[in-house]
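The values are calculated or read from the model by the stated rules, or taken from the named source; none is laboratory data. Since the structure is predicted, the reported quantities are computational estimates derived from the model, not experimental observations. Positions of Cβ are backbone-derived with ideal geometry, glycine not excepted, and every protein chain shown enters the neighbour counts. What goes into the accessible areas is simple: the full protein's heavy atoms, side chains included, and nothing from ligands, DNA or RNA. Shrake-Rupley method; radii C 1.70, N 1.55, O 1.52, S 1.80 Å.
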Amino acid sequence: GQQVMQIPQYQHVQEGEDFTTYCNSSTTLSNIQWYKQRPGGHPVFLIQLVKSGEVKKQKRLTFQFGEAKKNSSLHITATQTTDVGTYFCAGLSGNTPLVFGKGTRLSVIA
Amino acid sequence: DGGITQSPKYLFRKEGQNVTLSCEQNLNHDAMYWYRQDPGQGLRLIYYSQIVNDFQKGDIAEGYSVSREKKESFPLTVTSAQKNPTAFYLCASRSVANTGELFFGEGSRLTVL
């Protein structure tokens, strides 16, 4: 079945450093979504990418969807302590439900 | 306020007992989902329902059961057949199946002693 791999599993950064998490799918995706889960909380939707090569920005966050629609990335510029949490990608292919990656847990050291 | 309500937030049960987790939404969403979250495992799909009176197994349905008698409600029963039930359970919904964002409840943490 469809698999979504996400790396790294953990990332520790100093406040102000950049952070990137990568997502790769075993199949071509119709769209990809990103979620953030704060410690002790529940996942919250960040964004959805649909088009090949699409790039979207939300303040310090930049989301990219690969040309082949099989990979995606989330880049955070100049991390802040409020960015702490686990970031999940989730891919949609055909009529199957969303498949989530295992997430990247981000720690920010002040 | 519109949203998804899960209850209870924390639950302790003895091994061998069935447990039912509640999930209610007032968003008028057609599709509802149950996920299990274990440390380092991400979110794994247990069951999902795209319309009332219909549901499908997800990747890890063994030992679980669901019902969808009303659009607003999608309870999950963790049966005694589930070999490792201690986990964080998340319910989610979306307006239409397979499109748009998922809205999650706050989760139910089940500990089996």
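Tell me, what is the 1.4 Å probe accessible area of residue A:12, in Å² to the nearest 10?
Residue A:12 has an accessible surface of roughly 120 Å² with all protein chains in place.
Can you tell which of B:75, B:85, B:39 shows the greatest fluctuation in a Gaussian network model of chain B with Cα springs below 10 Å?
Of B:75, B:85, B:39, the Gaussian network model singles out B:39 as fluctuating most.
Based on the alpha carbons, how large is the Rg to Rh ratio for chain A when Rh follows Kirkwood? Walk me through the numbers before you get to the answer.
Values: Rg = 13.3 Å, Rh = 13.8 Å.
Value, to two decimals: 0.96.
List the trypsin sites (Lys or Arg not before Pro) in the range B:36-96 that DSSP assigns to loop (not H, G, I, E or B) and whose Cβ has at most 10 other Cβ atoms within 10 Å. Which are they?
B:83
If exposed means no more than 12 neighbouring beta carbons inside 10 Å and the site is in a DSSP loop, what's the longest run of chain B without any exposed GluC sites (Glu not before Pro)? Each step should come with its number before you reach the end.
Values: sites that count: B:15, B:62, B:69.
Within chain B, the longest run free of exposed GluC sites (Glu not before Pro) spans B:16-61.
Which whole number gives the average count of other chain Cβ atoms within 10 Å of the Cβ atoms across peptide B:36-48?
Other-chain Cβ atoms within 10 Å of each residue's Cβ, averaged: 4.
Loop only by DSSP, 16 or fewer other Cβ within 10 Å of the Cβ. Give me the trypsin sites (Lys or Arg not before Pro) in the range A:47-110 that pass, ordered by residue number.
Qualifying residues, ordered by number: A:51, A:59, A:60.
If I build a Gaussian network model for chain A, linking alpha-carbon pairs within less than 10 angstrom, which residue out of A:31, A:71, A:95 has the largest mean-square fluctuation?
Largest GNM mean-square fluctuation: A:95.
Please report Rg (one decimal) and Dmax (integer) in Å for the Cα set of the protein assembly as shown.
My reading of the Cα-based Rg and Dmax gives 17.5, 51 Å.
Taking the full set of protein chains and a 1.4 angstrom probe, give the accessible area of residue B:102 in square angstrom, rounded to the nearest 10.
0 Å²
In µm²/s, what is D for chain B at 4 °C and 1.567 mPa s, where D = kT/(6 pi eta Rh) by Stokes-Einstein and Rh is the Kirkwood radius from Cα pairs?
D = 93 µm²/s.
Could you pull out the pairs from A:51/B:57; A:70/A:102; A:59/A:102 whose alpha carbons sit more than 23 Å apart here?
Listed pairs above 23 Å: A:51/B:57; A:59/A:102.
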